[in-house]
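Visitor: My questions will all concern the structure given below.
Here, each number is a calculation from the coordinates, and none is a lab measurement. As the structure is a computational prediction, the values presented were derived from the model and not from experiment. Neighbour counts run over all protein chains shown; Cβ positions are idealised from the backbone, glycine included.
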Amino acid sequence: MNASAPATPPVFTLQRDAHARWTCSVEGVAHHSVQVVRAFPLSAPEEDIAIVSTGGQELVFVARLDALDALNQQALRGALAEREFVPVIERIRSVSTFATPSTWQVDTDRGATELVLKVEEDIRRLPGARRLLVTSGSGVVFEIRDRHRMDRASQRLLERFL
């Protein structure tokens, strides 16, 4: 077998049942109330995705999301979106203080909100140095996709904590 040859995508269907639960059919066997999980949600969100049964057994392993047909891609993306909640910070409007704990007023892709940064270590740099994760005092993780593309005022506020 050639190690560089692309893996054959698994044969399965993922769809909602009559009760709006995700059902995965593999080799003619339907598995109800399945979960879709990513192995590396931040560093490789389009790779290494598993569909697991209610008992935690892996039913399907997807090496690359883009290798699937359009219907299964759409279903997997929908199931993942329901499971994962990572709002994206688009703008930092204000911070209460440049010492921690600090209350931030931010605009996200899901609307305006407030978060409390307990310690500076709650801001983590992801590979590439442009992406950041900000964990709020309540445990919600926010993403900054590209800190250099934020408006200048947001960049200045953010730099005080980096």
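Visitor: In nm, to one decimal, how far is the residue 124 label point from the residue 40 one, both placed 7 Å along Cα→Cβ?
Guide: 1.4
Visitor: Here is a further query. Evaluate the relative contact order of the range 5-61 (contact order divided by residue number), counting alpha-carbon pairs under 8 angstrom at least 6 apart; express in whole percent. Write down the numbers at each step before the final one.
Guide: Numbers: 89 pairs, mean separation 13.6, N = 57.
Taking the mean separation of contacting Cα pairs over the length of the range 5-61, I get 24 percent.
Visitor: With angles folded into 0 to 90 degrees, how steeply does helix 70-83 sit against the dominant principal axis of the chain? Use alpha carbons for both and round to 10.
Guide: The answer is roughly 50 degrees.
Visitor: Given H placed on each backbone N at 1.01 Å, which residues far from residue 93 in sequence or on other chains put an amide H within less than 5 Å of it?
Guide: The list, which skips near neighbours in sequence, is 105, 106, 107.
Visitor: Sticking with this one: Per DSSP H run of at least 4 residues, take -39500 (n - 2.57); add these up for the chain, divide by its residues and hand me the 222 nm value, nearest 500 deg cm²/dmol.
Guide: On the way: 2 runs with 22 residues, N = 162.
Taking each H run of at least 4 residues, the total per residue is -4000 deg cm²/dmol.
Visitor: For residue 31, which sequence-distant residues (separation of 5 or more, or a different chain) have an amide H within less than 5 Å of its own amide H, given hydrogens modelled in the peptide plane?
Guide: Long-range HN contacts for residue 31: 24, 25, 26.
Visitor: Can I ask one more? Once R0 is set to 25 Å, what does the formula 1/(1 + (r/R0)^6) return for the Cβ-Cβ distance between residue 160 and residue 108, expressed as a FRET efficiency to the nearest 0.05? Walk me through the numbers on the way to the answer.
Guide: Working: r = 20 Å, r/R0 = 0.80.
The computed FRET efficiency comes out at 0.80.
Visitor: Ok, one more. Per residue, what volume in Å³ does the convex hull of the Cα atoms of the range 1-153 enclose? It would help to have the intermediate numbers written out before the result.
Guide: Details: hull volume 25.0 nm³, N = 153.
That works out to 163 Å³ per residue.
Visitor: Taking every pair of alpha-carbon atoms in the range 74-144, what share in percent sits in each 5 Å bin, from 0 to the bin with the longest distance?
Guide: 3, 16, 23, 25, 17, 9, 4, 2, 1
Visitor: Distance from the Cα centre of the range 94-159 to that of the range 10-85, in angstrom?
Guide: Cα centroid to Cα centroid, the span is 31 Å.
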